1. Using a 1.4 Å probe over the heavy atoms of the protein chains, calculate the carbon and sulfur portion of the accessible area of segment 280-326 as a whole percent.
2. Taking all pairs of different Cα atoms in segment 125-167, averaging 1/r and flipping that mean, what Kirkwood radius in angstroms comes out?
3. Quick one: plug the Kirkwood hydrodynamic radius of segment 84-146 (C-alpha pairs) into Stokes-Einstein at 20 °C, 1.002 mPa s, and report D in µm²/s.
4. Take the cross-link list Lys144/Lys254; Lys141/Lys409; Lys98/Lys144; Lys140/Lys409; Lys123/Lys363; Lys141/Lys203 and give me the ones stretching past 25 Å between alpha-carbons.
5. Enter the per residue convex hull volume of segment 528-616, computed from alpha-carbon coordinates, in Å³ rounded to the nearest integer.
6. What number in nm² do you get for segment 400-480 if you take the convex hull of its Cα atoms and divide its surface by four?
7. Computed over the Cα atoms of segment 234-334, what is the ratio Rg over Rh, Rh following Kirkwood?
8. How long are the semi-axes of the equivalent ellipsoid of segment 303-363, defined as square roots of 5 times the Cα gyration tensor eigenvalues? Whole Å, largest first.
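The values are calculated or read from the model by the stated rules, or taken from the named source; none is laboratory data. These numbers were taken from a predicted model, which means no experiment stands behind them. Every residue, glycine among them, receives a Cβ derived from its backbone with ideal geometry; neighbour counts consider all protein chains shown. Only protein heavy atoms, including side chains, enter the accessible area calculation; ligands, DNA and RNA are left aside. Shrake-Rupley method; radii C 1.70, N 1.55, O 1.52, S 1.80 Å.
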Amino acid sequence: MVASCFRLCLLLLLLGAGEGRIRRIRFKGNRHFSSSRLSNVIYTTRKELYSPSMVVADSAELVRFYRNQGFSWVEVTTQYLASRDKLTYYINEGERLKVKSIRAIGASASDENAILAKIPIKKRSPFTLFGEQETERLTKKYYKDRGYPYVVVNIDTVTYGTEVELTLSVVPGKRTWISSISFSGVAPSAVNPDFLMRTTGLKAGERYSAARLDRASRLLYSTSLFSRVRMNLLAASSGREDSLDVVFQLTPAKTRAVLVGGGVQTAENEFIPDRLLLSLGWEHLNLLHRGVTLSSEVTLSPTFRGNYETGFEIRNRYPNILPWGLALALSPYWKHRLNRDTVNIFTHTLGGEAGIERDFSDKLRAGLSAQAKKVWQIPENLPFDGTGSTNFLRLSLIYDSRDDFFNPKSGVFFSPYADWAGRPFGGNNDFLRLNAELRNYLALPFGSVLAWRLRGGLIAPHSGMRYEDISLFEKFTLGGSGTVRAVSDRALGPDSILVNFRPNPPDSVTGEVDTTWFFDHYGTFLLLYSFELRTPYMFNNLIGFAFFVDVGMCARDGDAIRDEDRAWGPGAGIRINTPIGPVRIDYAKNAAEPFKPFKESWTLGGRIELGFLQAF
């Protein structure tokens, strides 16, 4: 901002003083830094009026930039050719300063070795301003994490030609302990102080550690009970000079909510919705005043043909109720589906999960849970039976460093899990299931975001069970929303079940009526990769665009992959920004199929999908 204002003022003062507009800007002699990087250092840009004073300011900025990178003898001259509207910066970089030696005064031998291993400046490495600043910061952090909040670090340098001798002068100060821990801004009757203490993981009398205090603040915020968490360090009320009182200032957030959702879903190759998506939920984040969460949700998704799916789920979590900071999680659920497309088929699913979880940080959570599921149909013994029961043990891990849930611009999401089903837990499915998903988000220039997702899964039967005997509802599915958007839901996989059929119009010559059958497909070996470029929201932060490619495969195993088990397709979409998350409209085309004439398909053989939230 300061640089922009300075540049604008100079332009206004010198308007008309130059010799012409600058068409080309060149850099000569720059061996260590690209011309594009140097272009971001100077104020002058193409198509501006030439100003000698502005060019002088540019030269000073280039000198400052190079000296910060260790080029103390850099020289910059300029030349402007009015006949060619060309401005050239000639840079004589000179020799770069290198670090000859590093030592720490005031630190023990073990501390000196640990500090030298952490800092970015190394022997024979270039001596830069950023490296010097990071060295000071990391040295202070080293001592503050070990009980020295008042540490003082000074860096002294002595230059011999092109070499620098660097000396860290460390004055640790007194080692300090935490005398007491208290919370302000929230009444004990609203949130139990014992729960808050368990959440922080801190104890009175422990050694001061800036890292542990920072982690405690983030864990308090991650409970969602507070909209703001601020930590203050005060002189100990006991009067001891080697102790501090820690006070967390908490700003309470709303802990109860009613959640209402709605949407539509379209049929394959159609834009007109054929299914409604409705949900009603309630949540409480602070039951018993100890951060116990309880939420329930009812869902209903009817179609215009008379089919419907409905479900009810309860999620209950008791944080820090067990030793070692373990939380207890419970989640029973029930689902019901009616399919009238063939015969009236009622499908019921009853299941539940009970497990323990531990938060190692505000980004990392590990869990161990036991799950049970039973699926039955009325009428029974159908030729396309999709019933069975499964009992399994799951080991899971979640790492989430995304900067935003709805529209992440940076960070990583990683979620692997492993299931052991069947013996000795019972049920009629015996298998080992491995699944892992990795998502990465990278911020690009101009507010764009590059997002990619990689997922892999494998199901291996054990105890004499065959692949084809595993219940379909336990196998992987691929296609449609959030996966390979160029094909319909559950379109890929070697195993299938009939879910619908549609009589076609009679043949104009023979009068025969053909029928199109619709199947859901499943498999035990899955690979999925998605790549997506997202633009920033435009038009008053309302509309954004996305361009993507999805590649997926769902097969029996790696040695039995058919052409119909894999698909890929490019696509583009629109994102509509709303307070509760983005609405997504995507168009994708299966690359293995040719485009269709507009008379046959107004989507040209592609697929349009409406959804809520990003695909990943």
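1. Numbers: 1750 of 2610 Å².
The computed percentage sits at 67.
2. Numbers: mean 1/r = 0.0864 Å⁻¹.
Taking the inverse mean of 1/r over all distinct Cα pairs, segment 125-167 comes out at 11.6 Å.
3. Working: Rh = 14.0 Å.
The Stokes-Einstein estimate is 153 µm²/s.
4. On the way: Lys144/Lys254 35 Å; Lys141/Lys409 28 Å; Lys98/Lys144 29 Å; Lys140/Lys409 30 Å; Lys123/Lys363 35 Å; Lys141/Lys203 21 Å.
From the list (Lys144/Lys254; Lys141/Lys409; Lys98/Lys144; Lys140/Lys409; Lys123/Lys363; Lys141/Lys203), the Cα-Cα distance tops 25 Å for Lys144/Lys254; Lys141/Lys409; Lys98/Lys144; Lys140/Lys409; Lys123/Lys363.
5. On the way: hull volume 9.9 nm³, N = 89.
So the per-residue Cα hull volume is 112 Å³.
6. Values: hull surface 28.0 nm².
The orientation-averaged projected area of the Cα hull of segment 400-480 comes to 7.0 nm².
7. That ratio is 1.28, to two decimals.
8. Details: eigenvalues 294, 24, 11 Å².
They are 38, 11, 8 Å, listed largest first.
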